[in-house]
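Structure first, commentary second.
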Amino acid sequence: MSWRRGAAILTATAVLIALVALLFWRNYEPSKEANWAAVSPYYMAGALKEFSHPSPWSAAAFCLTFDVDGAVSFIKSCAPFYAANPGTKICGVQNLAHEQWHSGIIKVPPEKAGAALAAAMQKLGCTQVIVDIESLPGKLRERFSQWSAALVAEVRRQSPDAKLILAVHAKTEEPGTWDGAIAQDWKVLCATYDELLIMAYDFHTPGSTAPGETAPLAWVAEVLTFARTVCPAARQRLGLAAYGYDWKTGHTITEREAHAPGTPSPFIETAEKRQEKIKLAHSRGITKFFLWAAGM
């Protein structure tokens, strides 16, 4: 073998290795478009500050709400955020009425709710929407699956290119251990929506459990192990937290407060803890993430 031929082979091999490394890095290291951070109308001042400069996370503005009659309302406190961030393409809609979760939306014809949602998305210029229907009674499990299928079909009928993501309560088995989780049949819903956003946080909450981690790593691993049995990794988005609780008062503590002297709780979620979960998700083939909540 001549030295020229040997050098050519080595060069080709190096190029191939570089391409493989690049592909691996792109899959391992999610793009900004794969990282979404929630913007809550209840913490709008913080959200405005967070997104006033280039952020590694794209904003997912939860500024739409399903009323009990199926109408979709825009939360007025979000207006300053949309004025400052007119290019926001990811909307969030929740079943909130007077700041309380309600199951009334499931009684509304899904075609009506879907038409209202599609109209709201078009008005705001949203191309993707996170549907966050929480704390339903477990007995509505089958009804919610059917309602979801019709809702998604109606939104896609009006906006064929729309992407619909469903936020789901974390669980480690079917049907789940409490109403909200039982009402969500992950296997059926995974086939209906483009993605499932797995809310892997609030494992421990004041008033419901003893003090503990908001999102224990071992528990998140169990949740993702179960998710793999009912939904392809490409359709999963891991929800991460950026907060914790003051276990004496029950109040939420922001991640920034976790670094302040005298923090009331060691169980707050931090960037370091999230990196452990992101690494875990990568090992399961999950490359899309959601943060609750920048703007707190």
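If amide H atoms are built 1.01 Å from N in the plane of the peptide, which residues on other chains or at least 5 residues away come under 5 Å of the amide H of residue 96?
So residue 96 has HN proximity to 66.
Label residue 34 and residue 146 with points 7 Å out from Cα along Cα→Cβ: what is the distance between them in nm?
Output for this residue pair reads 3.8 nm.
How much length is gained if the chain between residue 217 and residue 249 is pulled fully straight, taking 0.36 nm per residue apart and subtracting their Cα-Cα distance, in nm to one decimal?
9.0 nm
I'd like the distance between the alpha-carbon centres of region 95-143 and region 42-62, rounded to an integer number of Å.
23
Report, in debye and to the nearest 20, how large the dipole of the chain comes out about its Cα centre when Lys and Arg carry +1 and Asp and Glu carry -1 on their Cβ.
With only Lys, Arg, Asp and Glu charged at Cβ, the dipole is about 1000 debye.
Rounded to two decimal places and with Rh computed the Kirkwood way over Cα pairs, what is Rg over Rh for region 156-296?
So for region 156-296, dividing Rg by the Kirkwood Rh gives 1.00.
Could you tell me what fraction of 2.2 N^0.38 Å the Cα radius of gyration of region 48-181 comes to, as a two-decimal ratio?
Cα Rg divided by the expected 2.2 N^0.38 Å: 1.08.
Run lengths n ≥ 4 of DSSP H only: what is the helix-derived mean residue ellipticity at 222 nm for the chain, with -39500 (n - 2.57) per run over all residues, to the nearest 500?
Mean residue ellipticity at 222 nm (helix-derived): -12000 deg cm²/dmol.
Using only Cα atoms, find the angle between the long axis of helix 110-124 and the longest principal axis of the chain, and express it within 0 to 90 degrees, rounded to the nearest 10.
Taking Cα atoms only, the helix is inclined about 60 degrees.
Give me Rg/Rg_expected for region 125-217, where Rg uses Cα atoms only and Rg_expected = 2.2 N^0.38 Å with N residues.
Normalised Rg, Cα atoms only: 1.19.
Could you point to the residue in 127, 66, 42 farthest towards the positive end of the chain's charge dipole, with +1 and -1 charges on the Cβ of Lys/Arg and Asp/Glu respectively?
127
Based on the Cβ-Cβ distance from residue 52 to residue 76, what FRET efficiency comes out when R0 is 22 Å, to the nearest 0.05?
0.60
Got a sec to turn the phi values of region 229-235 into Karplus ³J(HN,Hα) couplings, 6.51 cos²θ - 1.76 cosθ + 1.60 with θ = phi - 60°, whole Hz, x for Gly and Pro?
7, 10, 8, x, 4, 5, 9
Compare the peptides 51-58, 195-202 by average per-residue count of other Cβ atoms within 10 angstrom and give them in order, highest first. Don't skip to the end; give the middle numbers.
Working: 51-58: 12.8, 195-202: 23.1.
Packing proxy ranking, top to bottom: 195-202, 51-58.
If you average 1/r over every pair of different alpha-carbon atoms in the chain and take one over that average, what Kirkwood value in Å do you get?
This gives a value of 20.5 Å.
To the nearest 10 degrees, how steep is helix 141-158 against the longest Cα principal axis of the chain, on a 0 to 90 scale?
70
Need the C-alpha centroid separation for region 218-241 versus region 268-292, integer Å.
11
Would you please give the residues with an amide H less than 5 Å from that of residue 58, counting only those at least 5 places away or on a separate chain, with H modeled from the backbone geometry?
Excluding prolines and chain starts, which carry no amide H, the hits are 35, 36, 37.
Readers should treat all values here as calculations from the given coordinates under stated rules, not as data from a laboratory. Small disclaimer: the values here were computed from a predicted structure and weren't measured. Don't worry about glycine lacking a Cβ; one is built from the backbone with ideal geometry, like all the others, and counts go over all protein chains shown.
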